[in-house]
Each structure stands twice: as C-alpha cells, then as structure tokens.
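This report concerns only the one structure given below.
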Amino acid sequence: MRRILFTIVSALMLCTAAHSAVSVQQMRFHCEKDTVEINQLLQKGQAAALKTPNQLVAFYAHELLGRPYVAHTLEGDTEKLTINIDQLDCTTFVETLYALARTTLNGRNSWRDFAANLENLRYRNGEMSDYSSRLHYISEWIVNNRSRGNLIEVTPDVPTATYLVKNINFMTTHKDSYTSLKNNPEMVEKIRNFEVGYRNHRMPYIKKQWLARKDVKAALKSGDFVGLVTKVEGLDISHLGIIYKDEKGEIYLLDASMRGGKVMLEKENMHDMLLHSKNNIGVRVFRIME
C-alpha cells in the first residue's frame, strides 16, 4: 500500500501546479482512488452533453446519491485542500457539485481542474492559506464568489422574498466548538476580523411558509443550491443542499443528510419539511453563474 501511495503522489506532483494554486503536498485525499473516480465522473458529465449549470448540478447530484454522510472531513492539524467525494457533509456536497459542474462547463475532464475549481469556490478570493482563508459563513461565501463570477444569488428575484438583519459571529462566540479555534487566540482574532464585516448584515430570504406558493415554486429550478436560514443567534445558514423539482412542480431538498446518514432526496417536500423545523425559518437560493 505504501508503494502504491508513493507512486500516486509522485505522479501527481508532476502535473498539478499549472491547474491549482496549491501543490499536491497542500492537498488531502481520502484515498488513492479519488482522482480516478473524479475523472470518471467528469467523463460521464461530458458524455451526458448537458448545456446548463443547473442540469449538470442535478446530474452530478444523482451520481452521488447514497454516498455516506461524514462530518468534519476538512479539519486537520493544518489547512489543506481536502478532496473527498466518498464522504460528504452538506457543505462539501455542494462544493463538490459546483466543482464538477464548473469543470464540465469549462470543457475539462481532469481531477486537476476539479481541484482548482474547488479551491476557487471554498476559499476567500480563491486562494487557500490557513484555516481563516476558508469561507466558513455562507453569507461571505456568496458575496465573495459572486464578486468573482462563480455564483449568483437569485433569492431577491423570487416572489415574497424579504430581508433579515443579523450579526454573524457564531464561530468566535462558540470558539470551543471548533478544533482550530480552541486554545488558538490568534486564529480566533483572524476569524473575528472577517466577522466584523457581517455585523448588521442584511440578507435576503424566502420565509418557509411561502414555499407552498405556485409562483415561488415556479421561480426555483432543479439544481439550484439552497441554504436553510436559521434563527440561531450569530449564524446565517445551518444547512445546504440542492433543489429537486418533480414533474408536478413540487420542490424537494436533495442533500447530504446527517439524519439520513447519506446523500439522499428528502421524503417530504421542502415546505412541509421546514414547517416541522423549529430553527430554520426559510431559504436562500444560489446558482452557478454562466
């Protein structure tokens, strides 16, 4: 096994720098099959000959159905560009879908391009440095990625959309819940400096009770990224997934579900599912920018 891993790493070192800002030594793979499987998925995506970002997101989500939910796969002693398509949480699921779809849209089919697109989405201004360079809050994630032409927020254009003002500071007010912040005042201060920009942050959202309206459902598409807005103090979004729209126009959440333990299509439509939630008060919706 050591010899196999050495051979793989040696091969990767020869051909990554031109595609991603980070070197292979700054990447963390789940296993030696990751790169092969990513290439295979990208080849499937190209063969499907789909034209729009939403179609590609929905296609790749279907390919990832059933993969196990595993939390905290990005964490480690040092920040690395983690590539793991076999173990997904709600955020890495959406990030993986973006990187697969964007790579296909660019006419590429290599894991190296996937890695570059993943880094570009996950980190502030598209460049990984330390833990604080990761876009931890979805509000900053969308602002930063929108400014670089990666994503667009469609929430304000959806009928009934309204606005919520919050101070986003959950990480520094709960620092002991984060391994990289616990007993690390320097990193806490770095995160706090970014949180300052999101004091009294005004964000659009669609209240959950309006998700049953026909005009709201008509404005949403399969393959839209969706974030569940929470009333938890200091936090903006508690969960991510994508929208699946059935032939009747009903909308469902397709996500890496902690409760279900895997990537799955939720059984209840999104309106009914959120009505049963005490903390989630609505949704925000994002799309890949064409």
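Checking the structure you have, find out if any residue of segment 205-215 is of a type outside the set (Asp, Glu) and under 26 Å from Glu119 (Cα atoms). Among the residues of segment 205-215, not one is of a type outside the set (Asp, Glu) and under 26 Å from Glu119 (Cα atoms), which makes the answer no.
Glu32 meets each of the listed conditions (1) closer than 21 Å to Asn120 by Cα; (2) acidic (Asp, Glu); (3) modelled with pLDDT under 95 apart from (1).
With Asn117, Asn169, Asn109, Asn150 as the choices, which residue is without any contact (Cβ under 8 Å) to a residue 60 or more places away in the chain and in contact with a helix residue (DSSP H, G or I) (Cβ under 7 Å, 6 or more places away or on another chain)? Write out each step before concluding.
Details: Asn169 fails: without any contact (Cβ under 8 Å) to a residue 60 or more places away in the chain; Asn109 fails: without any contact (Cβ under 8 Å) to a residue 60 or more places away in the chain; Asn150 fails: without any contact (Cβ under 8 Å) to a residue 60 or more places away in the chain.
The match here is Asn117.
Quick one: would you say Lys267 is closer than 30 Å to Lys51 by Cβ, open to solvent by 40 Å² or more (accessible area, probe 1.4 Å) and under 22 Å from the mean Cα position of the chain (by Cα)? Here the answer is no, as Lys267 does not meet what is asked.
Looking only at segment 137-147, which residues are open to solvent by 50 Å² or more (accessible area, probe 1.4 Å) and in contact (Cβ under 8 Å) with a residue 24 or more places away in the chain?
First pass over segment 137-147, keeping only residues open to solvent by 50 Å² or more (accessible area, probe 1.4 Å): 143, 146-147.
Arg146, the sole residue that qualifies.
Among the residues of segment 221-243, those identified as touching a Phe, Trp or Tyr at 6+ places or on another chain (Cβ under 9 Å) and surrounded by fewer than 19 Cβ atoms within 10 Å (Cβ to Cβ) are Ser222, Val232, Glu233, Gly234. Checking the structure you have, find out if any residue of segment 199-211 is more than 30 Å from Tyr252 (Cα to Cα) and open to solvent by less than 40 Å² (accessible area, probe 1.4 Å). No - not one qualifying residue is present in segment 199-211. Between Ala18, Ala47, the distinction of being exposed (fewer than 15 other Cβ atoms within 10 Å of the Cβ), modelled with pLDDT of 95 or more, more than 21 Å from the chain's Cα centre (by Cα) and among the small types (Gly, Ala, Ser) belongs to Ala47 only.
Would you check which residues across segment 276-290 are open to solvent by 70 Å² or more (accessible area, probe 1.4 Å) and modelled with pLDDT of 95 or more and list them?
First, the residues of segment 276-290 that are open to solvent by 70 Å² or more (accessible area, probe 1.4 Å): 276, 278-279, 290.
Answer for segment 276-290, where residues must be open to solvent by 70 Å² or more (accessible area, probe 1.4 Å) and modelled with pLDDT of 95 or more: just Asn279.
Please enumerate the residues belonging to segment 87-125 that are outside any helix (DSSP H, G or I), within 21 Å of Tyr69 (Cβ to Cβ) and either modelled with pLDDT under 95 or open to solvent by 10 Å² or more (accessible area, probe 1.4 Å) (or both).
First, pick out the residues of segment 87-125 that are outside any helix (DSSP H, G or I): 87-89, 106-110, 123.
If we keep only those that are within 21 Å of Tyr69 (Cβ to Cβ) too, we end up with 87-89.
Once the filter is applied, which keeps residues that are outside any helix (DSSP H, G or I), within 21 Å of Tyr69 (Cβ to Cβ) and either modelled with pLDDT under 95 or open to solvent by 10 Å² or more (accessible area, probe 1.4 Å) (or both), segment 87-125 yields Gln87, Asp89.
Scanning segment 70-86 for residues that are open to solvent by less than 40 Å² (accessible area, probe 1.4 Å), in a loop (DSSP other than H, G, I, E, B) and within 13 Å of Met128 (Cα to Cα) returns Leu74, Glu79.
Which one of these is out of contact with any helix residue (DSSP H, G or I) (no Cβ under 6 Å at 6 or more places or on another chain) and either within 22 Å of Gln87 (Cα to Cα) or among the charged types (D, E, K, R) (or both): Asp246, Asp236? Within the list Asp246, Asp236, the selection yields Asp246.
The values are calculated or read from the model by the stated rules, or taken from the named source; none is laboratory data. Everything quoted here is computed from the prediction, not taken from an experiment. So basically every Cβ, Gly included, is an ideal-geometry build from the backbone, and we count neighbours across all protein chains shown. SASA here: full protein model, heavy atoms, side chains in, ligands and nucleic acids out. Shrake-Rupley method; radii C 1.70, N 1.55, O 1.52, S 1.80 Å.
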